[in-house]
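Working notes, beginning with the structure itself.
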Amino acid sequence: MSSLSNSGAWKIKFLGLALGALCVGILLLTAPPRAQAADFRGGDRVVIDAATVVDDDLYITAREVVIDGTVNGDLYAFGENITLNGKVERDVIAAGASVVINGTIGNSLRAGGQNIQLGAQSKIGHTALLGAFSVETQSGSVIGHDLVLGAYQAAIGGAVRQDVVAGANAIEISGSVGRNARVSVGESDMGMSALMFMPPAAIPVPNVPPGLTIAPTAKIGGALVYESNAPANVTSGAQVTGPITQQTPTPNENRVPPTPEQIQAERQRQTFDYFLNALRRFIILLLIGLGAVWLLPQWIGALAELARTKPLGSLGRGVLMALGYFVVAVMLVIVMVTLAVFFGILTLGALVGVVMAVGIVLFGVLTVGYWLFVSYVAPIVVSFLVGKALLERMQATWAQNRFLQFVVGLILLSLALLIPVVNFLLGILVALFALGALWLWLAPRVQGRNALVTPTFAG
């Protein structure tokens, strides 16, 4: 399956980068610039009164959340009932049984829950991305960019300055859409009876008629494209500037089964694509492998020799290396999030950004390095090993040419990887043997370096 490799010098470089970034964060704390921290709040009921101004990003977890004041950052709210009556300068991310927006959001709203309502006084500066059983935008509400939603039912009564993209079983548009409306309307017998199986709604839920309804007060500045088996109910007085296009889904039972000729043609196409992809991979590995054998012959040869002389040790350590990658990746994420939350609680906002940046860089380096080794270096090492073993038995003089060893081994490995099922298992073994060989190659060098720095004391 795949592999590549990174040299030990990169570890030192990235460690230096991480330490340097932390030092920069500490320097920022001692300088006078404005540092935006994070404000964490929780409890049964959290209320930000109208006189309160929060100059940080605000994180709230509570049964009931009420924002009457101003948040000069992002708002993250999670609870049972969430109500925003005040103002949030940037983004709002909210999840709850009910999410009610009656105030102003400077940027985007991303919300999920049982029922979502944008009240008549609400104003969203950019996009609203919503997912719920029921979504309602009341007359007077304004969304400055797009409205994107997925719901059982949606009543769009406010103004959307640009596009509406929606999917639901029942959609009613009675407000204005600045550009195009593209909706998908499903079919269900559930109706409002679905509410019987849900917790009692904290806000009134509109009764939206099934299908797509364009009310008399609706104004759509562009095209209306809807996917539905039933025609839309476009009432008299509704204004749709562009064309109205219905797209009818084709039921599975009405689809014409493919003919034997079509099935044969599809099989031939899939077979051709399978071998074409294998050829592309062979060429990529050939080019990378020739470069690796030319530039790093001793390293490639050492890994191949370790895999040959210690096969069981390589396989066992390869399993540990693979598991270790996932453990280290998870621990890195946990440490990064924990430190960010800790510094946020201490209102050390500058360090939160530093920790997140350094953590993301280290996670990216670890993941990309592992993927490159497993995807490219591993098959190169195993190809070199297989080619050398074969040529030594056929003609000893041929085995002296490292390029020939690699090319012959790569051809054999690529042919074996063409066999279905076998290719999956073989790819795993190739990766594990190479990872284990890398462990065996690194171990004495790490131990030797530790021995050099270990202090000795005279008796």
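Computed from the coordinates by the stated procedures, all read-outs in this text should not be read as laboratory data. Predicted model only: the values in this text are computed from it and were never measured. Ideal geometry is used to build each Cβ from the backbone, glycine not excepted, and the neighbour counts take in all protein chains shown.
How much net charge surrounds residue 305 when only other residues with a Cβ under 13 Å from its Cβ are counted (Lys, Arg +1; Asp, Glu -1)? Don't skip to the answer; put the middle values down first.
Details: positive: 308, 310, 388, 402; negative: 392.
Charge balance near residue 305 sits at +3.
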Ranked by how many other beta carbons lie within 10 Å on average, peptides 332-341, 314-323, 154-163, 138-147 from highest: 154-163, 138-147, 314-323, 332-341
Amide proton proximity set for residue 90, modelled H, under 5 Å, gap of 5+: 73, 106, 107
Shape category assigned to the range 91-249 from the gyration tensor of Cα positions, a/c cut at 1.5: oblate
For residue 235, distant residues with modelled amide H under 5 Å away: 214
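At 0.36 nm per residue, minus the direct Cα-Cα distance, what do residue 110 and residue 442 gain on full extension? Give it in nm, one decimal, please.
Values: separation 332, 0.36 × 332 = 119.52 nm, distance 4.73 nm.
Gain on extension, residue 110 to residue 442, equals 114.8 nm.
Please report the net charge: other residues with Cβ closer than 15 Å to the Cβ of residue 384, K and R +1, D and E -1. Don't skip to the end; give the middle numbers.
Details: positive: 308, 388, 402; negative: 305, 392.
Around residue 384, the charge tally is +1.
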Sequence-distant aspartates and glutamates (8 or more away, or on other chains) whose Cα lies within less than 20 Å of residue 388: 305
Scattering curve values for the range 42-87, log₁₀ I(q)/I(0), Debye with Cα scatterers, q = 0.13, 0.20 Å⁻¹: -0.22, -0.53
